[in-house]
Amino acid sequence: MQPNRSRLRYLLGYRCFAKPALYVRFLAGFRKPGKTGQNTALNAPVGVSAWKKAGLANHYLEGRYVEGVRKVAWVTSGAPIEILRALGFYVFYPENHGALCGARKVATEIMQAAEQQGYSPALCSYARTDLGSLLSGKTPLQKIPRPDLLLACTNICQTVLSWYRCLAEYLNVPLYLIDTPFLFRDATPDQIDYVKRQLEGLIPVAEQVAGRSLKWSRLRQVVSWSKEATQLWLEVLETAKAKPSPLTAFDGFIHMAPIVEQRGETHAIRYYRDLLKRLQNRIQRREGAVKEERFRVLWDNLPVWYRLRHLAEFLAERGVNVVASTYTYAWAELAPMMDSNRPLETIARTYLHVFLNRPARSKLKVMEKMIHDFQIDGVILHSDRSCKPYSLGQMDQRDHLVSRLNVPALLLEADHNDSRAFAEQQIRTRLEAFVEMMEQRK
Ligand code: SF4
């Protein structure tokens, strides 16, 4: 599309019409009485104001109009996006889009388009959803902006290497890869320096694509916004320490969208401030997310996006509140590491220490602490067929929890996005047995 036409479409189509219409729609919807919580064992989930919800939806809406107006980067979930934000990029997360497809129950159909082109069903279902969407053009978002730059970081897995190389070839756009050495202990100065030098290498590449120079004051500002949002997200999750817990981990999976997609923007800060206030009010009213909370459970690994509501209700009907998850916590635990006065070193250190770039024993330590802090009665370890790095070591972790900590633990086999791996009846039976186990220990 011609640059002038793109700008006109952005200004008139998006700024003057679509964005105001989106806010009006959300504000009007906000006044309708909520339906959730009336016939189930769950109270209506704590949300944020309609204005904040619209701010989140606006991120995807802008994506439909942004091509040719702002530069677009597609990034992996663990990519250090602060440099791109400071340069004004519109940042799109294929993994989040995959989760959205999963939650809308269209991911399996979309990923089959990738499988028909020869991609193995053993490949991560986020990658298959993303590639399937690219090959078939199917998406619940109507339109995904074409990237000008791809940024992948190996701190979450090695799958992203091949996935993003395929994207670079299909889309014919530059790909910048950041390699993070696996941490067996805390990062050494050499390891931090190694990643920092790659960040320094990213700056001229991103500047060239963006057509502008990086302002260091802006980068410092973005890093401080990232830190503040991460800190607030941690406080949100920690409200679940209250008894009864005001939120479930299933709510947390939904509310994590801003910390992933809008980290480094002010909207994420406003969103979590609002959510935190509402959760604190609920704690004061002593109102739980589950009407009769009898058991408090920890969830390990990614959610099962296409069965979120189903699992939340099934467990709540049996008095189970899944109050915490290692997955949502992974986006919160590193807040103290950030320091806007040393942005590149801070970014290098923080993104090196993400959950999946540390050994299984490190996750086990975090789980033990969560079991203590959240007064957990049992643990569900989702053995996610897609995500090998997250699922590795779960059998040993389960055995450790059961034998050393005397905590009932269940290994539940499924897949975060591929509904063909969800054996409904078997999962119900195993969850029933798990609840009985907790019952016997009461
Ligand atoms: S394999 Fe796991 S970490 Fe890697 S992209 Fe898939 S879900 Fe994310």
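The values are calculated or read from the model by the stated rules, or taken from the named source; none is laboratory data. Here the structure is a predicted model, which means the values were calculated and not measured. Counting neighbours? That spans all protein chains shown, and the Cβs are built from the backbone with ideal geometry, glycine included.
Residue count for segment 67-79 satisfying the condition of being buried (at least 21 other Cβ atoms within 10 Å of the Cβ), modelled with pLDDT of 95 or more, of a type outside the set (Ser, Thr, Tyr) and assigned to a loop (DSSP other than H, G, I, E, B): 2. Close contacts from segment 305-331, counting a first residue that is under 19 Å from residue 413 (Cα atoms) and a second that is of a type in the set (Lys, Arg) and not in a helix (DSSP H, G or I), with Cβ to Cβ under 7 Å and a gap of 6+ residues or different chains, come to 306/105.
The set of residues in segment 218-239 that are crowded, with 24+ Cβ neighbours inside 10 Å, within 15 Å of residue 333 (Cα to Cα) and among the aliphatic types (A, V, I, L, M) comprises 229, 236, 237.
Of the helices (runs of 4 or more DSSP H) contained entirely in segment 279-370, those carrying at least 1 residues that are away from the ligand (no atom under 16 Å from the Cβ) fall at 308-316, 343-352. Can you confirm whether segment 181-200 contains a residue that is surrounded by fewer than 17 Cβ atoms within 10 Å (Cβ to Cβ) and within 16 Å of the ligand (Cβ to nearest atom)? Checked against the condition, which is being surrounded by fewer than 17 Cβ atoms within 10 Å (Cβ to Cβ) and within 16 Å of the ligand (Cβ to nearest atom), segment 181-200 yields at least one hit.
Among the conditions (1) in contact (Cβ under 8 Å) with a residue 40 or more places away in the chain; (2) more than 23 Å from residue 201 (Cβ to Cβ), the only one that residue 354 does not satisfy is (2). Counting only helices (runs of 4 or more DSSP H) that sit completely within segment 89-188, those holding 3 or more residues that are over 25 Å from residue 351 (Cβ atoms) and in contact with a Lys or Arg (Cβ under 8 Å, 6 or more places away or on another chain) correspond to 107-116. Give the residues of segment 85-130 that are surrounded by fewer than 17 Cβ atoms within 10 Å (Cβ to Cβ) and within 18 Å of the chain's Cα centre (by Cα), sorted by residue number. 104, 105, listed by residue number. Between a first residue in segment 146-165 that is within 20 Å of residue 119 (Cα to Cα) and a second residue that is of a type in the set (Ser, Thr, Tyr), which pairs have beta carbons less than 8 Å apart while being 6 or more apart in sequence or on different chains? From segment 146-165, the pairs are 152/76; 152/164; 152/176; 160/76; 160/154; 161/154; 164/76. When 360, 409 are checked against the criterion of being surrounded by fewer than 20 Cβ atoms within 10 Å (Cβ to Cβ) and out of contact with any Phe, Trp or Tyr (no Cβ under 8 Å at 6 or more places or on another chain), 360 stands alone in meeting it.
One line per residue, one yes/no per condition, for (1) within 18 Å of the chain's Cα centre (by Cα); (2) buried (at least 18 other Cβ atoms within 10 Å of the Cβ); (3) among the hydrophobic types (A, V, I, L, M, F, W, C):
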position	(1), (2), (3)
216	no, no, yes
245	no, yes, no
251	yes, yes, no
285	no, no, no
289	no, yes, yes
